[in-house]
Amino acid sequence: MTVVTRFAPSPTGFLHVGGARTALYSWLYAKSQGGKFILRIEDTDIERSTQEAIDAILEGMQWLGLEWDEGPYYQTKRFDRYNQVIDELLAQGKAYKCFMPAAELDAIREAQMARGEKPRYPGTWRDRTDHPQGQPYAIRFKTPQTGSVVVKDHIRGDIEVANSELDDLIIRRTDGVPTYNFCVVVDDWDMGVSHVVRGEDHINNTPRQINILQALGAPIPEYAHVSMILGDDGKKLSKRHGAVSVMQYRDDGFLPQALLNYLVRLGWSHGDQEIFSKEDMINLFSLDNIGQSASAFNTEKLVWLNQHYMRSLPPSEVAKYAQWHFAQQQIDLTQGPALEAVITIQAERVKTLKELAQISRYFYEAYEEFDADAAKKHLRPVAKDALIAVQAKLSGLKEWNTESIHHAINQTAEELGVGMGKVGMPLRVAVTGSGNSPSLDLTLNLLKPEQIEQRINKALEYIANRENS
Ligand code: GLU
């Protein structure tokens, strides 16, 4: 059997972390089985679906690298097909027209609830043939009245629901629009979906969908209903907990590799392994190792993973995602060293790509002002001689590399008979504008000698102004 999975978001908002995890599990299962992953946009709720949300979902999926093999399909483009299947069910007596006005149904439900019963449609039109002419009607599915449905769930085991618990659900509304549960069934059938991975909030729909699949003579897929994601405080994850949109994590400076690794572990495990590359995930993933309980989101762990990937992925890979942040912060990457080189020396100093861009501006443009504290501490009159001396040494270098730079700084300190810090710190503040940077030889090596010269001049000016004030 070929494994076919799908991710079927309703485009009523951005791609949130819960949806992304469902998509990831679905994608992973297909990949792990050499199968196919389909993207389907469930946009039948025309009032709540927006093009913006569709774009946001596609953008999120692309950023995460969850490529789909087929689709995106749109349910709104498949109404003819749904109606065709409805006609077949009607012709076979497996569905029927229900002429009950909404007000009558409401009254029945109220009475049922008043008696302490579960509100349900009583099957009034199930077998009637005295159809009124010209009256609006809905189409209902004839749910079997006896027996039960067993949902075989990879995560929750077998779930048995008696058919007497289910009423005859509407598959096409009075306004002619096929309903959600019905479209899902026809799609899963037509698209050959073998495994349905979705949120546990859909678990009540599953027995109904299985009954319809059976009536159609369609194969029943296997199911995996994934539990909810909670915030760090144990409450359902929401905006209160900070970012919930996948793209917000991009904006905050996370690598998709980190978020994917974080999401895969949120509910799934493989021994006590924490770090999973995409290849690891594909090789090791199975639906049967997904936990049943809700998982709590832990931002600290995500940050830890982000740091891990920033340091361990090839800088060229990190650069692909870092670029965007430099552009966001209006840093012109054409004005300085290769981004990879900056990543190599800066990645271990930050938690996010956003911070990486923030602390790397000086490689691409002259800073406007010195960091006040660093300047106050290190750009003092006593530093003047050291700066002049090191400037002379650096400008005399025949070769510009970490060794020669290192040597020049060392020699300056030796010749002046002072400690390295007395030369290094003023030089660092002069070159980077602040007291924090990777080691000076690495930092200076990524800049040009003339830039260093100008920046030292600027520091000397600062010192001169300070002397005069
Ligand atoms: N469209 C549904 C949702 O966004 C998913 C339905 C399904 O996966 O079957 O929650």
What length, rounded to one decimal in nm, is gained on full extension from Lys97 through to Asn83, with 0.36 nm per residue of separation minus their alpha-carbon distance? 3.7 nm
So, for the Cα atoms of region 73-176, Rg and Dmax in Å stand at 16.1, 49
On a 25 Å Cα-Cα criterion, which of the cross-link pairs Lys384/Lys448; Lys36/Lys278; Lys31/Lys94; Lys97/Lys152; Lys152/Lys235; Lys278/Lys301 come out too long? Lys31/Lys94; Lys97/Lys152; Lys152/Lys235
I'd like the Karplus ³J(HN,Hα) series for region 411-422: coefficients 6.51, -1.76, 1.60, θ = phi - 60°, whole numbers in Hz, and an x wherever there's a Gly or Pro. 5, 4, 4, 4, 5, 7, x, 10, x, 3, x, 5
Alpha-carbon centroid distance for the pair region 48-95 / region 145-175, whole angstrom: 22 Å
Excluding Thr22 itself, what net charge comes from residues whose Cβ is under 14 Å from its Cβ, given Lys and Arg +1 and Asp and Glu -1? +1
Calculate the dipole size of the chain relative to its Cα centre from +1 charges on Lys and Arg beta carbons and -1 charges on Asp and Glu beta carbons; express the result in debye to the nearest 20. 440 debye
Taking the alpha carbon gyration tensor of the chain, what are the square roots of 5 times its eigenvalues, largest first, to the nearest whole Å? 65, 21, 18
Counting only residues 5 or more places away or on other chains, whose amide H sits under 5 Å from the amide H of Ala95 once H atoms are built in the peptide plane? Leu90, Lys142
Which cross-chain or sequence-distant (5 or more) residues have an amide H under 5 Å from the amide H of Ser148, H modelled 1.01 Å from N in plane? Asn163
Answer rounded, prolate or oblate for region 343-469, using the Cα gyration tensor with square roots of eigenvalues a ≥ b ≥ c: rounded when a/c is under 1.5, else prolate when a/b is larger than b/c, else oblate. oblate
Listed with the fewest Cβ neighbours within 10 Å leading, Ser286, Ser295 appear as Ser286, Ser295
What is the percent of Cα-Cα separations in region 280-324 that go past 15 Å? 66 percent
Which whole-Hz ³J(HN,Hα) couplings does region 156-165 yield from phi under the Karplus relation 6.51 cos²θ - 1.76 cosθ + 1.60, θ = phi - 60°, glycine and proline marked x? 9, x, 7, 10, 9, 10, 6, 4, 5, 7
Cβ density ranking, 10 Å radius, fewest first, applied to Tyr74, Tyr249 yields Tyr74, Tyr249
Using distinct alpha-carbon pairs, which all enter the 1/r mean, Kirkwood radius of region 6-133 in Å: 18.1 Å
Backbone HN-Hα couplings from phi across region 188-194 [Karplus 6.51/-1.76/1.60, Hz, Gly and Pro as x]: 4, 5, 4, 8, x, 5, 9
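How much net charge surrounds Gln292 when only the other residues with a Cβ under 14 Å from the Cβ of Gln292 are counted, with Lys and Arg +1 and Asp and Glu -1?
-3
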When DSSP beta bridges are limited to those with both residues in the chain, what percentage is antiparallel, rounded to the nearest 5? 50 percent
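Per the Kirkwood treatment, what hydrodynamic radius in Å, one decimal, follows for region 32-107 from the mean inverse distance over all distinct Cα pairs?
15.9 Å
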Using a Förster distance of 45 Å, how high is the FRET efficiency between Glu399 and Ala294, based on the Cβ-Cβ distance and rounded to 0.05? 0.15
Cα centroid of region 284-313 to Cα centroid of region 408-442, whole Å: 41 Å
In nanometres, what is the gap between the two model label sites at Asn410 and Ala341, each 7 Å from Cα along Cα-to-Cβ? 2.2 nm
What's the long-distance tail for region 59-103, i.e. % of Cα pairs beyond 17 Å? 61 percent
Sequence neighbours fewer than 8 away in the same chain don't count; with that in mind, list the aspartates and glutamates whose C-alpha is under 12 Å from Lys142. Asp127, Asp167, Asp168
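All of the numbers you see were taken from the coordinates with simple rules; none came from a lab. In this text the structure is predicted, and so the values were computed from the model without any measurement. Quick reminder, even Gly has a Cβ in these numbers, built from the backbone with ideal geometry, and neighbours come from all protein chains shown.
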